[in-house]
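Note sheet for the following structure.
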Amino acid sequence: MSRTRSATTRKGRAASRTRPRGRLIVVEGIDGSGKSTQIQLLHKWLEARGIEVVFTEWNSSDLVRQATKRGKKKNLLTPTTFSLLHATDFADRLTYNIVPYLKAGITVLADRYIYTAFARDTARGVDPQWVRDLYAFARKPDAAFYFRVPIEVAVGRLLGSRAKIKFYEAGMDLGLSADPVESFRLFQGRVIDEYDRLTGEYGFRVIDGTKSIDTQQRQVRDLVRRLYDEQAQEAS
Ligand code: ADP
């Protein structure tokens, strides 16, 4: 290795020692589990502690927005094309909205991550290993919270907070039932079964989503605080 190159490498190492490591914290759970409420509260709390944070959410990249919208509107999507569109969306956000921030030492909060694809796509009949392989390029999060709620709690919350359950969140594309609420119960019941399988496989930190917003947030903060304390110990 040339002298210039090794000097640059030493400098790079010194800089990465002083720069805080960006944390990737993700939340998972079925619709109505309360995960968005929790990640928003966590966002505010981290910012109040002077930690730089950015937020990203599932299925939000401009790159595939139109294709997904058109496919959904005309009910053209198969479980496989649906899965591939989401994977493209994710790959785009990972490249532009997640990795650069982590490298800059900024914490990234993600409302849903690859486990959403594992749970939902498998519940739609996609091969579980195929979908895991598809996302093999993803970065492992520092913490993945799973907000676990029974179906009836989620249904009650969704119907209480908005007029109706959406077509795809109810899994209506699968033709399980003509009644959206019943379809939601059946489809999201499968998604819960998948999340339960993923919990051990990926070491989710399970939060009882039936508890009060404050109780859950306290548990989330305790765990997140530890993530930063570990880093402080690593640096000292
Ligand atoms: P998700 O992102 O999982 O779909 P949200 O955070 O949007 O869930 O919450 C869905 C609805 O449930 C919202 O109206 C929210 O205010 C309410 N909610 C969230 N957490 C709780 C809780 N612990 N107890 C009661 N209602 C809750």
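No lab work stands behind these numbers, since they all come straight from the coordinates. A quick note: this is a predicted structure, and the numbers were derived from the prediction, not measured. Cβ atoms come from the backbone with ideal geometry, glycine included; neighbour counts cover every protein chain shown.
From the helices alone, meaning DSSP H stretches of at least four residues, give me the mean residue ellipticity at 222 nm for the chain, per-run term -39500 (n - 2.57), in deg cm²/dmol to the nearest 500. Result for the chain, helices only: -18500 deg cm²/dmol.
Taking 19 Å as the straight-line reach from the Cα of K166, the aspartates and glutamates in range (excluding those fewer than 8 positions away in the same chain) are E28, D31, E57, D111, D121, E152, D179, E182. In the stretch 22-235, Cα pairs under 8 Å separated by at least six residues give a relative contact order of 30 percent.
Would you mind telling me which residue in L186, L76, L84 has the biggest mean-square fluctuation in a Gaussian network model of the chain, where springs connect alpha carbons within a distance under 10 angstrom? Looking only at L186, L76, L84, the largest GNM fluctuation is found for L76. Pairs of Cα atoms nearer than 8 Å and 6+ residues apart set the relative contact order; for the stretch 141-236 it is 35 percent. Pairs exceeding a 25 Å alpha-carbon distance, out of K73/K164; K103/K140; K44/K72; K69/K164; K69/K103: K44/K72; K69/K103. Taking the chain as a Gaussian network of alpha-carbon nodes connected by springs under 10 Å, the highest mean-square fluctuation of the residues S177, S212, S83 belongs to S212.
Which of V26, V54, V153 ends up with the largest GNM mean-square fluctuation for the chain, with Cα atoms connected below 10 Å? Among V26, V54, V153, the largest mean-square fluctuation in the Gaussian network model of the chain belongs to V153.
Counting only Cβ charges, +1 for Lys and Arg and -1 for Asp and Glu, the dipole size of the stretch 22-235 around its Cα centre is about 520 debye.
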